[in-house]
1. Between residue 199 and residue 222, what FRET efficiency comes out of the Förster formula 1/(1 + (r/R0)^6) with R0 = 30 Å and r the beta carbon distance, rounded to 0.05?
2. Please work out the FRET efficiency for the pair residue 142 and residue 116, using the Cβ-Cβ distance as r and a Förster radius of 30 Å; give the result to the nearest 0.05.
3. Under the √(5λ) rule applied to the eigenvalues of the Cα gyration tensor, what semi-axes describe the equivalent ellipsoid of the range 222-318? Give them in Å, descending.
4. Which whole-number value in Å³ per residue fits the convex hull of the alpha carbons of the range 80-213?
5. Which log10 I(q)/I(0) values does the range 55-105 give at q = 0.18, 0.20, 0.25, 0.27 Å⁻¹ under the Debye formula, counting every alpha carbon as one identical point scatterer?
6. I'd like the FRET efficiency for residue 259 and residue 151, computed as 1/(1 + (r/R0)^6) with the beta carbon distance as r and R0 of 56 Å, rounded to 0.05.
7. Using only the Cα atoms of the range 75-135, what do you get for the radius of gyration and for Dmax, in Å?
8. Want the number for residue 293 to residue 126: 0.36 nm per residue separation, take away the alpha-carbon distance, what's left?
């Protein structure tokens, strides 16, 4: 704020206080200049505050002003980053004097609001290039959260692998910028090309994955069901997701056979992975006669190569013994009769 020099210290102090109370704000125009009455346009874009003060001082002196002023940045309106998708409050976040990092920008937009992080991604569109970070990877690496955002970046939190929703969001952001720029068409073409490349990569990865499954070349982990179960089999653990005891017992008809199996004798056997403890096995026992214990099945996490064993009921052992003995007795009686 420019204030004239006065004769006395009291008058100078009064002038400074008046100037402080009458602070004047100026908007930096698109060409990087501000328009000061009776002075004209002064270009300050790209200058530090100290350099801008020197330029203003020189222009005020040239226009026969005796300047007493200070210069400060009241707010930023030109450098912005847009945040959209699965966040609490999609917004346009300004970039201030300090750098804006990806984690801070997401927090400013209400943080990520996805239920399953395994299927979510954060996509950043910058200068015609699309960057993708899986959400689980983002939160496991502090350096990715410290990714520095630049002016014009568009960030979209996607909850699935399809790119259509993210593409629509980025197109909207480019359209807003393109209304003020002549490069709108080129930016849209670059985005479409980048999305096509990404979609081609995902399609190729999906095809390769399906082919590996068909040929049995995928590395699956299994648990094994034995004893009095509906089907002696192995249960494939899901990809990148934890499986519980209930998942294995209640899938299809593989689980407990109530007639033959003893629901009080359900075991999960887990061998030690330490070669020095070869043969060592840890066993967990579940008595399902108490219905409340069924809730434990939904909390017990299975590990690769676990063995689920269900013992037979005492009556089942007796019936099987009788079924093996009776044919032998009948054969012996028939032989005696024949003789």
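The numbers here are math on the coordinates, done by the rules we state, and not lab data. This structure is a prediction, so every number in the text was calculated from the model and none was measured. Every residue, glycine as well, gets a Cβ built from its backbone with ideal geometry; the counts of neighbours run over all protein chains shown.
1. E between residue 222 and residue 199, to the nearest 0.05, is 0.35.
2. Once the sixth-power term is evaluated, E becomes 0.85.
3. Equivalent ellipsoid of the range 222-318: 22, 16, 13 Å, largest first.
4. Cα-based convex hull of the range 80-213, divided per residue, equals 106 Å³.
5. Calculated log10 I(q)/I(0) at the listed q: -0.69, -0.76, -0.97, -1.04.
6. Calculated value: 0.20.
7. Computed over the Cα atoms of the range 75-135, radius of gyration and Dmax are 12.2, 38 Å.
8. Between residue 293 and residue 126, full extension yields an extra 54.8 nm.
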